[in-house]
Amino acid sequence: MDLPGLCHGFSTRAGGVSTHPYTCSMNLAMGREDDDDTVRRNGEIFASLVSGGVYRQDALVTASQIHSAKVRILTAENRGEGMIKPVGEDCDGFVTDAPGVLPMIRVADCTPILLSGQKADGMPVIGAVHAGWKGSAAGIVREAVEKMVSLGTVREKIRAAIGPHIGTCCYEVGPDLLESVTTMAGADFAERYCTPRRTDENGLQKYTADLTGMNVYWLADAGVTEDRIDISTDCTMCDPDRFHSHRATGGKRGAMGAVIGILPL
């Protein structure tokens, strides 16, 4: 039996139609200096490029991202939400087994994670996750894996791709974040992924937060071993000319997209 394939991609700042200095040229988030029609045109370009011309912006699904561990299951009825239809329920991740639905999350330093898997009959299931430090500490990617399994995915066949995000080279945080991560995930987790970096001029301890490590931990906890995880080493803050970076620009930025979809038979 012929099975549908997958399409997926992580955007950069290039290839879109935005002209504002903060958002040029590929901005995929509403409310970031661009008018909505410009963002929709960027979505049209990105969806078409990722899918080889099969899908357009009406296949995309976005949501208001709230830095949570909430993952929604999408059906064909959700096509176009947040792009050409009203935005749906707030969340930070999507999973679906429906062809023609392109879940898209948006980032500008946070971690984009795309997931793929197969059911026992070989049919695909996909996921897309937005993991800032809160989602990374709370294990949103583990929640996405469990939602995929609830749709019939064979756990041992799930793969993950972690896209460009702020790296340990640049992600300096204070003791308040260490305390929050400790509350959310425990002291051992916090100490492993928030390591001492330096003492600032006011005597305050600064830490390095490892978003990659946090998400790899939760993937492993969900049964996705490291040999099934592809990890980008690009740091968004190191290269703000190529990537939108909230920290590098003080919040004056657009947003990149990460999208995955099931192609038709």
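Annotations for the structure displayed:
- Pairwise centroid distance, computed over Cα atoms, of segment 213-252 with segment 107-141, Å: 12 Å
- Remark: the chain carries 42 Å² of accessible area per residue (probe radius 1.4 Å; ligands, DNA and RNA excluded).
- Note on the chain: with a GNM built from Cα contacts shorter than 10 Å, the maximum mean-square fluctuation among 84, 162, 126 falls on 84.
- Of 198, 40, 228, the one that fluctuates the most in a GNM where the chain has Cα springs shorter than 10 Å: 198
- Taking every C-alpha pair closer than 8 Å and separated by at least 6 residues, the mean separation divided by the residue count of segment 87-145 gives a relative contact order of 37 percent.
- Nearest-10 value in Å² for the accessible area of residue 226, using the 1.4 Å probe: 130 Å²
- Result for the chain in a Gaussian network model with C-alpha springs under 10 Å: among 163, 53, 16, the largest mean-square fluctuation is at 53.
- Modelled label positions at residue 232 and residue 67, each set 7 Å beyond Cα in the direction of Cβ, lie 2.1 nm from each other.
- Full extension of the segment from residue 90 to residue 77, taken as 0.36 nm per residue of separation minus the current Cα-Cα distance, would add 3.1 nm.
- Probe 1.4 Å - accessible area at residue 183, Å² to nearest ten: 120 Å²
- Nonpolar atom fraction for the chain, defined as the carbon and sulfur part of the 1.4 Å probe accessible area, stands at 48 percent.
- Rolling a 1.4 Å probe over the protein chains gives residue 229 an accessible area of about 20 Å².
- Relative contact order of the chain, defined on C-alpha pairs under 8 angstrom at six or more residues apart (%): 25 percent
The values are calculated or read from the model by the stated rules, or taken from the named source; none is laboratory data. Keep in mind it's a predicted model, so treat the numbers as computed, not measured. Backbone-built Cβ (ideal geometry, glycine too); neighbour counts: all protein chains shown. Just so you know, the surface numbers come from the protein's heavy atoms only, side chains and all, with ligands and any DNA or RNA stripped out. Shrake-Rupley method; radii C 1.70, N 1.55, O 1.52, S 1.80 Å.
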